[in-house]
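One structure is given below, encoded as structure tokens.
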Amino acid sequence: MKKILVAAAAFVTLQLQAQTKWNVDASHSNVKFEVTHLVVSEMDGSFKVYNGTINSPSADFQGAQVEFAIDVNSINTDNERRDGHLKGDDFFNAEKYPKMTFKSVSFKKVSGSKYELVGDLTIRDVTKRVTFDVTYGGTTKDPWGNTKAGFKASATIDRLAYGLKWNTLTEAGGAVVGKDVKINVKLEFNQAKS
């Protein structure tokens, strides 16, 4: 029994040592969203301040753990008045809930460079399970010897389910702001130095 426990402890230690940590490089990344406006067009925006990590047990990121946080106050739709409204209680209530967070529960390869990322997305005080379609762009070294990895990910969420409740109708009866919000992220990560 003692030998089994020692072997199990050694296995866990090796697994922990095998984890590779990656940190998001915000200067080469972006976090954007788009939503239907007046039924006939789309409005988009972005978040300027965010951070994230990947802890991966393998070189191909299969089974990696992903965590991400966004500063809601960094929202930017190129319109200060609209940004102020989005930060208010009709939408994010950034004063009370300044962060959006994501924590993965699974990250698995579907085929080739295509992955599926499943995790819990928290906006305001609501947490819901979300699935992102991910494309892994590959891993390379930059001219300074840093190891980089690139990903694109997208998902669609129902903003009303997260308490982003503001809505009004057009004369024709359509929503001024659609309920479905598409999230598009392009992220470059730096491998942490050991």
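The values are calculated or read from the model by the stated rules, or taken from the named source; none is laboratory data. The structure displayed is predicted, hence computed values, not measured ones. Backbone-built Cβ (ideal geometry, glycine too); neighbour counts: all protein chains shown.
Which ones in segment 179-194 are without any contact (Cβ under 8 Å) to a residue 60 or more places away in the chain and touching an Asp or Glu at 6+ places or on another chain (Cβ under 9 Å)? Quick ask: steps written out before the conclusion?
To start, the set of residues in segment 179-194 that are without any contact (Cβ under 8 Å) to a residue 60 or more places away in the chain comprises 179, 193-194.
If the condition is that a residue be without any contact (Cβ under 8 Å) to a residue 60 or more places away in the chain and touching an Asp or Glu at 6+ places or on another chain (Cβ under 9 Å), then LYS179 is the only one that fits.
When segment 86-116 is filtered for residues that are out of contact with any Lys or Arg (no Cβ under 7 Å at 6 or more places or on another chain) and among the hydrophobic types (A, V, I, L, M, F, W, C), the ones remaining, listed by number, are LEU86, PHE91, MET100, PHE102, VAL105, PHE107, VAL110. As a summary of the residue check, VAL185 satisfies the conditions (1) closer than 26 Å to GLY84 by Cβ; (2) modelled with pLDDT under 95; (3) among the hydrophobic types (A, V, I, L, M, F, W, C) except for the one numbered (2). Of the candidates LYS152, LYS109, LYS96, the single residue that is at pLDDT 95 or above, of a type in the set (Lys, Arg) and touching a Phe, Trp or Tyr at 6+ places or on another chain (Cβ under 8 Å) is LYS109.
Scanning segment 141-156 for residues that are over 12 Å from the mean Cα position of the chain (by Cα), surrounded by 15 or more Cβ atoms within 10 Å (Cβ to Cβ) and not polar (S, T, N, Q) turns up LYS148, ALA149, GLY150.
Highlighted here are the strands (runs of 3 or more DSSP E) found entirely within segment 82-158 that include at least 1 residues which are more than 26 Å from SER27 (Cα to Cα): 99-111, 126-141, 147-158. Within segment 47-61, how many residues turn out to be at pLDDT 95 or above, among the polar types (S, T, N, Q) and either more than 16 Å from SER106 (Cα to Cα) or assigned to a loop (DSSP other than H, G, I, E, B) (or both)? Here the count works out to 1.
All of (1) crowded, with 16+ Cβ neighbours inside 10 Å; (2) in contact with a strand residue (DSSP E or B) (Cβ under 7 Å, 6 or more places away or on another chain) hold for PRO98 with one exception: (1).
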